[in-house]
Amino acid sequence: MKIKLSEKIGYAMGDAAAGGITWKIMSIAFPLFFTNVFGLSFADAATLMLVARLFDVVTDPLMGSLADRTQSRWGTYRPWIIFGAIPFGLIFALLLYTPDLGQTGKRIYAYGIYLLMMATYTAVNVPYGSLLGVMTDDDDEKNQFSSYRMVGAYAMGFITLLSFPYLQKAVGGTPQHQYAVTGMFFGLLATLMTLGCGLLTRERLKPVRAEHYSGKQFVDLVKNKPWIFLTLIGVSSNFFNGFRYAVAGYMLTYCLGGEITAGKLIINYTVFMTFGELTCMIFGGVSPWFTRVVGSKKRAFMAAALICAVTSVAFFFIPMKAEYIWVMITVVILTSVGIGLYSPLLWSMYSDVADYATKKNGTSSTGLIFSSGTMAQKLGTAVSGSLVALFLGMAGASMTTDKMGNSIVDPSSITQSVLDMIWSLFSLFPAAFALIMVGLLLLYPIKK
């Protein structure tokens, strides 16, 4: 059955909001925002993101199981997307607001809102991912939906990151004011796009529900060999991206001396990464064709991961000087070719694992299986962000207090060892996880 283009665009809007707006800003801007603008110490920022991940380990599978058992006039998964849209955007906006509180009050605010954002993200994004399993049973259509999803996420990511510094300059005022107003704008946009996704998509397949809720589905899950390997691959892929996005702000600020002006283009850390977003958008669309040429999702994923490994190692050997910015951007683009090719495959492969589980166990666990994809995304991204703060602290970076009493990074603590650590976190650390992905894919049993 051929599905209309409008529905594929509607589905893409879901990850344009989640992956292209909220998660992109949380991945690339939050480590720098929490330390340099909000005023948390490196230790506080690292602990915050680690605590949130432990929270997600519990909430994501529970949300997947709950979504599988939802029955409503809007379907099984769509109501979570439709009714979660407003809280999703609102809480994201609050996350970029810096309250006028003391250090303890700000720490409590940051922890509370961040955990609430993760819970809301889970309540919307786990059902969104699971929706792929009930829109069609045609494998080629699933690949296309997954490809549209990634193109939507990367296209919106490109727009978000490119516009971010210009929006901040247009808003003016203090950095705290800039982030707060920018957060309101992007929060509203995320709400509208999430709502559009829920209203434009359809659920055509009925999940085969278990008659009674029990812990058996969790037991079945840990016995599911394809799920175990794919979850580890998903975690590794998000560690790969997580390190790069979390450290990009520090890299541009400290290794390259801040914003770089190239003609009329302002290259800061968000703009620097937009070149990769645009490339991922293009090659996300190419991914279904590339998969058909290579012969299987598994082989296509392995080839893409190898591209990521080689180009990440190559980045490490670029001189740490601003005049080499276009060489760096070129390598980022080449790395993003690999990311763009494998990103749609990951979600399509989760759908394969869900189909495998249904055939093996007799009941659907689509939401539970897709929840592991969302959990892998948050685990890899946030733990890598936490580790960035931890490793920079271990390398010698520390905090001090400015004239206004705000905590800021101490410029005198940014030594060559800190700069080398930043450079490695953007290149060698991700390369190691790309190679881990290749090894895990060799063991992945589904050959579709």
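With the simple spin-label model, which puts each label point 7 Å out from Cα in the Cβ direction, the residue 330 to residue 316 separation comes to 2.1 nm. Here the peptides 251-261, 269-279, 335-345 are ranked by packing, the mean other Cβ count within 10 Å, and the order with the highest first is 335-345, 269-279, 251-261. Cα axis of helix 42-68 to longest principal axis of the chain: angle in degrees, 0 to 90, nearest 10? Taking Cα atoms only, the helix is inclined about 10 degrees. Pop the C-beta distance of residue 294 and residue 2 into the FRET formula with R0 = 22 Å and round what comes out to the nearest 0.05. Computed FRET efficiency for residue 294 and residue 2 comes out at 0.35. Ordered from highest to lowest accessible area with the whole protein assembly present and a 1.4 Å probe, 30, 158 read as 158, 30. The C-alpha atoms of the chain define a longest principal axis, and helix 103-135 lies at about 30 degrees to it. For the chain, the fraction of C-alpha pairs farther apart than 36 angstrom is 23 percent.
Net charge near residue 427: determine it from the other residues with C-beta under 12 Å of the C-beta of residue 427, scoring Lys and Arg +1 and Asp and Glu -1.
Every neighbour counted, the sum reads 0.
Working ranking of peptides 78-87, 235-244, 310-319 by packing, defined as the average number of other Cβ atoms within 10 Å per residue, highest first, is 235-244, 78-87, 310-319. Protection proxy ranking for 60-72, 121-133, 283-295, 410-422, using the average of other Cβ atoms within 10 Å per residue and placing the highest first: 121-133, 60-72, 283-295, 410-422.
Got a number for carbon plus sulfur as a percent of the chain's accessible area, 1.4 Å probe? Intermediate results must be reported in sequence, preceding the final value.
Working: 11700 of 17010 Å².
Taking all protein chains in place, the chain shows 69 percent carbon and sulfur surface.
Taking every protein chain into account, the accessible area of the stretch 409-448 amounts to 44 square angstrom per residue (probe 1.4 Å). Using only Cα atoms and rounding to the nearest 10 degrees, what angle (0 to 90) does helix 175-200 make with the longest principal axis of the chain? Rounded to the nearest ten degrees, it is 10.
The values are calculated or read from the model by the stated rules, or taken from the named source; none is laboratory data. Quick caveat, the model's predicted, so the values are computed rather than measured. Every residue, glycine among them, receives a Cβ derived from its backbone with ideal geometry; neighbour counts consider all protein chains shown. Remember, those area values only see protein heavy atoms, side chains included, never the ligands or the DNA or RNA. Shrake-Rupley method; radii C 1.70, N 1.55, O 1.52, S 1.80 Å.
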